[in-house]
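**Student:** Below is the structure I would like to discuss, written out as structure tokens.
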Amino acid sequence: MTETEKLVLASYKTGQYIGKAEDERNQMVLVHVLAVKSHPRQGDLHHPKQADVPFFQERRALSYGEKTWVPVHTVKEYTGDLPAYKDSLKSALIGYIEKLEEDNSEWAKRSLQCLYELKKDYKLD
């Protein structure tokens, strides 16, 4: 990786990703996703941690190689090792599942239903 291709840690909605910053304009940075740091939260972004909402959304992690624009203030340099995408996705997902399994709320239960389905869809087993 060259000096101009430094890794960044970027937040997109409720997930965090490691990637390369490819462009910047209008206070936004185009990030090329290479790994998942934290899996997106499930449910309604406007009513966090609430289960009784009109649309409880299942949120997938961004895919390897996907590019997305994120606000510049959510991007910082990443200096750690770059994990393989699939390993990072599995680690982020399992960590999130374990945390939610300790939460007995209805929101956590609904979130876990989404995450178990995503785990199958991601083919992580």
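The values are calculated or read from the model by the stated rules, or taken from the named source; none is laboratory data. Fair warning: this is a prediction, and the values are worked out from it, not measured in the lab. Ideal geometry is used to build each Cβ from the backbone, glycine not excepted, and the neighbour counts take in all protein chains shown. Accessible surface is based on the protein model in full, side chains and every heavy atom, while ligands, DNA and RNA are left aside. Shrake-Rupley method; radii C 1.70, N 1.55, O 1.52, S 1.80 Å.
**Student:** For segment 93-125, enumerate the residues that are without any contact (Cβ under 8 Å) to a residue 60 or more places away in the chain, part of a helix (DSSP H, G or I), open to solvent by less than 40 Å² (accessible area, probe 1.4 Å) and aliphatic (A, V, I, L, M).
**Tutor:** Leu93, Ile97, Leu100, Ala108, Leu112
**Student:** Kindly establish whether Glu58 is in a loop (DSSP other than H, G, I, E, B), touching a residue at least 40 places away in the same chain (Cβ under 8 Å) and out of contact with any Phe, Trp or Tyr (no Cβ under 8 Å at 6 or more places or on another chain).
**Tutor:** So Glu58 fits the description; yes.
**Student:** Hey, could you check segment 11-35 for residues that are over 11 Å from Val75 (Cα atoms) and in contact with a Gly (Cβ under 9 Å, 6 or more places away or on another chain) and say which is most open to solvent (accessible area, probe 1.4 Å)?
**Tutor:** Here the residue is His32.
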